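Notes follow once the structure below has been shown.
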Amino acid sequence: MEGAQHAGAPWVEDGESGTTETDHTQSTTTGSVTGTPPARVYHGRIKWFDATRGFGFIIPDDGTSDILIHFSVLREHGRRMLPEGATVVCEAVDRNRGLQATHIVSFDLSTATGVDFDLRPAQRSDRANAVDLEAAGPMEPVLVKWFNRLKGYGFLNRVGNDADIFVHMETLRRAGIIDVEPEDRLTARITESGKGLLAVEVAKP
């Protein structure tokens, strides 16, 4: 795997083997890789997955520590992410920095509570590029107007200003913010997009 694919999660270690798939049930088979730690099967659910950075974490049902899941183990299933709350059966190994999924045995999207970006693209994308960041102003205080985790976006307001500012779930994820509620206080860099105001960077005050 190219090094660039690990930009979001530099501790990811490769060693995935081939996979097999039958009808609509996703499954994998593990091959032997010299020097690879023994894998164990875990059942759990997606804690969160950052589709922009290409990785997330699984919470195992048995109370084991969180399992890192990188998008590379999803490619065989035609996916780049799994939504929050989806149930997963995976094979994982204990590596230097903790458990890492090496194969996805199966997953169930019917339990998902988060937006599935692989099935439905976001209404508006805020994948901040250089132009967005250059045009954005400095950090300023804002309030959360509302946020819908299933839709994957919401709106902010400047303090004392009712003009809506679009904010995408991935913008919050990049700031390490898992969820927000109406009237929560944040700071944001805001720019003018073709469809209105857009928050390209947020942080907790």
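The values are calculated or read from the model by the stated rules, or taken from the named source; none is laboratory data. Computed from a predicted model, the values in this text were never measured in an experiment. Because the Cβ atoms are built from the backbone with ideal geometry, glycine has one as well, and the counts that use them run over all protein chains shown.
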- Query: Restricting the search to the stretch 126-137, which residues are surrounded by fewer than 16 Cβ atoms within 10 Å (Cβ to Cβ) and either at pLDDT 95 or above or part of a loop (DSSP other than H, G, I, E, B) (or both)?
  - Reply: Arg127, Asn129, Gly137
- Message: of a type in the set (Gly, Ala, Ser), in contact (Cβ under 8 Å) with a residue 40 or more places away in the chain and surrounded by fewer than 18 Cβ atoms within 10 Å (Cβ to Cβ): which single residue out of Ser106, Ser110, Ser72, Ser65 fits that description?
- Response: Ser106
- Please work out if Glu140 is of a type outside the set (Gly, Ala, Ser), out of contact with any helix residue (DSSP H, G or I) (no Cβ under 6 Å at 6 or more places or on another chain) and modelled with pLDDT under 80. no
- Task: Only residues that are in contact with a helix residue (DSSP H, G or I) (Cβ under 6 Å, 6 or more places away or on another chain), of a type outside the set (Val, Ile, Thr) and under 20 Å from Thr113 (Cβ atoms): list them for the stretch 45-90, please.
- Result: Asp50, Arg80, Gly85, Ala86
- Query: Mind checking whether some residue in the stretch 185-201 is modelled with pLDDT under 90, in a loop (DSSP other than H, G, I, E, B), over 29 Å from Glu76 (Cβ atoms) and within 22 Å of the chain's Cα centre (by Cα)?
  - Reply: no
- Within the stretch 138-177, how many residues turn out to be assigned to a loop (DSSP other than H, G, I, E, B) and surrounded by 11 or more Cβ atoms within 10 Å (Cβ to Cβ)? 9
- Message: Please go through (1) in contact with a helix residue (DSSP H, G or I) (Cβ under 6 Å, 6 or more places away or on another chain); (2) in a loop (DSSP other than H, G, I, E, B); (3) not charged (D, E, K, R) for Pro182 and return the number of the only condition it doesn't satisfy.
- Response: (1)
